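Notes follow the structure.
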Amino acid sequence: DILLMERGQAKAVTGKEHLERNDFIIEKQKAELQRIEETKRHKEQQVSLAEQELKQVKAEIRTDKLKKTATNAATAIASGVGSLFGSGKLKELEHHIEQLHQEITKRDKATDELKIQIQQIQEQHSRQIRNLQRIHNQELEAKDKEISRLSTLLEKAHKWFPMFKEMLRMEKLCAVIGFTKDMIENLLTKKESIQCSGKIYSEEHRWKFDIKNDIFRVEKHPMDSGKLMLTINRQPIVQWFKEQWEKLQQNLRNSVQREQKSRGFRI
């Protein structure tokens with residue numbers, strides 16, 4: 001009765017207790033649920049009666065009348081089921097389920113295709129790695145063979161040309177000193193002397209020494225015919241570097257002494 005009351009009516013008019021808004025909604029929902037349950041039970045009773053009628057028809061002799069009765073019973077069952085669940089809702093549910101199955105099938109297919117694609121990429125990558133490794137191994141093998149061949153030739157050159165090793169040593173020494181390729185060519189190949197000015201570097205003393213119009217030549221060592229030496233003004237370059245270094249050190253000491261004397265100190 002309370003649910004049937006019009007909103008806005010006072011208690012003095014209706015003579016009934018009013019409900020709070022939330023309580024009213026709850027009671028309204030309970031009443032709606034009760035109505036649905038009653039409708040459901042009614043439909044279920046209709047279906048049950050139709051099924052019983054169908055069973056009875058199946059038990060009777062098959063005559064045109066019975067066939068007609070069976071048809072009516074089936075129609076009643078279909079009508080009851082459709083009324084209970086709603087034929088439109090049922091079709092909609094079946095259609096939705098079918099769509100889900102199709103979507104699952106599509107995703108399964110896409111997943112399988114992706115797996116195949118990944119496998120193909122992995123196989124292609126593996127083939128590329130194997131090819132690169134094979135090419136790398138071939139290049140290493142070719143380089144090893146070339147190094148071995150050159151080492152063999154170098155050993156033979158040392159045997160056939162005893163001064164070849166000394167020539168290489170002189171070439172390295174001249175390059176460290178600071179000579180150009182043309183200057184080294186004149187010294188070693190043409191066996192000519194060269195005259196130059198500037199600075200030359202001593203690897204032993206780590207210092208550059210000044211030269212001016214000095215004469216350089218590659219000569220045989222006087223004490224060992226199998227050795228070569230670089231000379232500056234006929235003096236072995238090693239000895240010349242040593243003398244220049246000693247002069248430099250002496251000049252530095254003299255400079256320090258003069259500076260200390262000028263300040264009034266004694267050594």
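The values are calculated or read from the model by the stated rules, or taken from the named source; none is laboratory data. These numbers come from a predicted model, not from an experiment. Glycine gets a Cβ as well: all are built from the backbone with ideal geometry, and neighbour counts include every protein chain shown.
Identify all residues within the stretch 167-200 that are part of a strand (DSSP E or B) and in contact with a helix residue (DSSP H, G or I) (Cβ under 6 Å, 6 or more places away or on another chain); write none if there are none.
Within the stretch 167-200, the first condition is being part of a strand (DSSP E or B), and the residues that meet it are 194-200.
ILE194, ILE200 - these are the residues of the stretch 167-200 that are part of a strand (DSSP E or B) and in contact with a helix residue (DSSP H, G or I) (Cβ under 6 Å, 6 or more places away or on another chain).
Within the stretch 237-257, residues that are in a helix (DSSP H, G or I) sit with their Cβ atoms under 7 Å from residues that are among the charged types (D, E, K, R), at 6+ positions apart or across chains, in these pairs: PHE241/GLU204.
Filtering the stretch 168-176 for residues that are basic (Lys, Arg) and in the same structural domain as ASN186 (by TED's automatic domain parsing) leaves a non-empty set.
This table checks each residue for (1) farther than 28 Å from SER151 by Cβ; (2) of a type in the set (Asp, Glu); (3) modelled with pLDDT of 95 or more.
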{"site": "PHE164", "(1), (2), (3)": "no, no, no"}
{"site": "MET183", "(1), (2), (3)": "yes, no, yes"}
{"site": "ILE200", "(1), (2), (3)": "yes, no, yes"}
{"site": "LYS208", "(1), (2), (3)": "yes, no, yes"}
{"site": "HIS221", "(1), (2), (3)": "no, no, no"}
{"site": "TRP240", "(1), (2), (3)": "yes, no, yes"}
{"site": "GLU243", "(1), (2), (3)": "yes, yes, yes"}
{"site": "ASN251", "(1), (2), (3)": "yes, no, no"}
{"site": "VAL256", "(1), (2), (3)": "yes, no, no"}
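Would you mind stating whether LYS159 is of a type outside the set (Gly, Ala, Ser), exposed (fewer than 13 other Cβ atoms within 10 Å of the Cβ) and over 16 Å from ILE237 (Cα atoms)? When the stated conditions are applied, LYS159 passes them.
Does ILE232 satisfy being in contact with a Phe, Trp or Tyr (Cβ under 9 Å, 6 or more places away or on another chain), surrounded by 10 or more Cβ atoms within 10 Å (Cβ to Cβ), touching a residue at least 12 places away in the same chain (Cβ under 8 Å) and closer than 19 Å to GLU166 by Cα? Working first, answer last.
Values: in contact with a Phe, Trp or Tyr (Cβ under 9 Å, 6 or more places away or on another chain): yes; surrounded by 10 or more Cβ atoms within 10 Å (Cβ to Cβ): yes; touching a residue at least 12 places away in the same chain (Cβ under 8 Å): yes; closer than 19 Å to GLU166 by Cα: yes.
Spelling it out, ILE232 is indeed in contact with a Phe, Trp or Tyr (Cβ under 9 Å, 6 or more places away or on another chain), surrounded by 10 or more Cβ atoms within 10 Å (Cβ to Cβ), touching a residue at least 12 places away in the same chain (Cβ under 8 Å) and closer than 19 Å to GLU166 by Cα.
Considering only residues that are touching a residue at least 12 places away in the same chain (Cβ under 8 Å) and hydrophobic (A, V, I, L, M, F, W, C), which ones fall in the stretch 194-228? Passing the criteria: ILE194, CYS196, ILE200, TRP207, PHE209, ILE211, ILE215, PHE216, VAL218, LEU228.
Listed residues THR152, THR189, THR180; which is among the β-branched types (Val, Ile, Thr) and not assigned by TED's automatic domain parsing to the domain that holds LYS247?
Step by step, each of THR152, THR189, THR180 is checked, and only THR152 is among the β-branched types (Val, Ile, Thr) and not assigned by TED's automatic domain parsing to the domain that holds LYS247.
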